[in-house]
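> Can you keep this structure in mind? I'll have questions shortly.
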Amino acid sequence: MQPTPLPPRLSLLLLCSLCAGVSVPSSAQLAALSSRDAAGGLRAALSQGIGTAVAQLGATNGFLDDPRVAIPLPPALEKADRALRMVGMGGQADELRVAMNHAAEQAVAQAKPVFEDALRHMTLSDAKAILNGGDDAGTQYFRRATGAQLTGKFRPIVASATAKLKLASQYDELAGKAAQFGLISAEDASLDDYVTARALDGLFSRIADEERAIRKDPLAQANSLIKKVFGAL
């Protein structure tokens, strides 16, 4: 027997399921939801995950107080930290570490409009890719769609913060020479590039956490529309 095609209303709801990157629900569950609710719940869930991550990391000490995303000194400086302290430069190293993390939180505060634009431009092809991905497939979509633009926004903010520190300019000079001999990576040769990359890593890590939490337990979410839509899914 040939399967009966889904009616248009259920097809729309199925697309919403694809965009959410979750298992496809039964026709009975879909039928209980309106198209408007399904689309609104999807948008609310993705926006909530982004908003929570940006708010947490963009707050004062958002990076420093979270050991999962706190930015350490670049590897080359981390190895030299004990020597820096022995010659009385430990204070500068600590100052640099704090400045890097504050620069990251200032940069993250600029991210939300970029994510919202990517959400508005999500296509059916994007949705299918999310469906076939893992539990952070939505986060990976946002990383692909926004990574270059966020890097462009983040780096000037980071550069403004690090430019005030003597140790930062000294690091760039020495690390640049080390990179020429292949002793460190090109990314680590620039302190601004290093902090920008780590800030993005931390941001997408927190977005992934939020995505997994919504998928795992939608009924625990505060938004009633997310509960209704993702609970059915």
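> How much of Thr60 can a 1.4 Å solvent probe reach, expressed as accessible area in Å² and rounded to 10?
Estimated to the nearest 10 Å², Thr60 gives 110 Å².
> Using only the heavy atoms of the protein chains and a 1.4 Å probe, how would Glu95, Glu211, Glu116 rank by accessible area, largest first?
Result of the area sort, largest leading: Glu95, Glu116, Glu211.
> Determine ³J(HN,Hα), in whole Hz, for all residues of segment 94-108 in sequence, where each value follows from phi through the Karplus function 6.51 cos²θ - 1.76 cosθ + 1.60 and θ = phi - 60°; x replaces Gly and Pro.
Running phi through 6.51 cos²θ - 1.76 cosθ + 1.60 with θ = phi - 60° gives 5, 4, 5, 4, 5, 5, 4, 6, 5, 5, 5, 5, 5, 5, 4 Hz.
> Once you list every other residue whose beta carbon is under 12 Å from the beta carbon of Thr52, what net charge do they have if Lys and Arg are +1 and Asp and Glu are -1? Provide the component values of the computation, followed by the final result.
Details: positive: Lys112, Arg206; negative: Asp209, Glu210, Glu211.
Combined, the nearby Lys, Arg, Asp and Glu give -1.
> On a full-extension model of 0.36 nm per residue, what is the gain between Arg120 and Ser160, subtracting their alpha-carbon distance, rounded to one decimal in nm?
11.3 nm
> Right, another one. Within the set of other residues whose C-beta is less than 15 Å from the C-beta of Ala109, count the net charge using Lys and Arg as +1 and Asp and Glu as -1.
Numbers: positive: Lys112, Lys153, Arg155, Arg206; negative: Glu105, Glu116.
In short, +2.
> Where the centre of each part is set by its Cα atoms, how far does segment 101-119 sit from segment 131-172, in angstrom?
After rounding, the separation between the Cα centres reads 9 Å.
> Quick check: net charge around Leu165, other residues with Cβ under 15 Å of its Cβ, Lys/Arg +1 and Asp/Glu -1?
-2
The values are calculated or read from the model by the stated rules, or taken from the named source; none is laboratory data. Please read these numbers as outputs of a predicted model, since none were measured by experiment. For neighbour counting, all protein chains shown are included, and Cβ atoms are generated from backbone atoms with ideal geometry for every residue, glycine included. We work out accessible area using only protein heavy atoms, side chains counted, and drop any ligands, DNA or RNA first. Shrake-Rupley method; radii C 1.70, N 1.55, O 1.52, S 1.80 Å.
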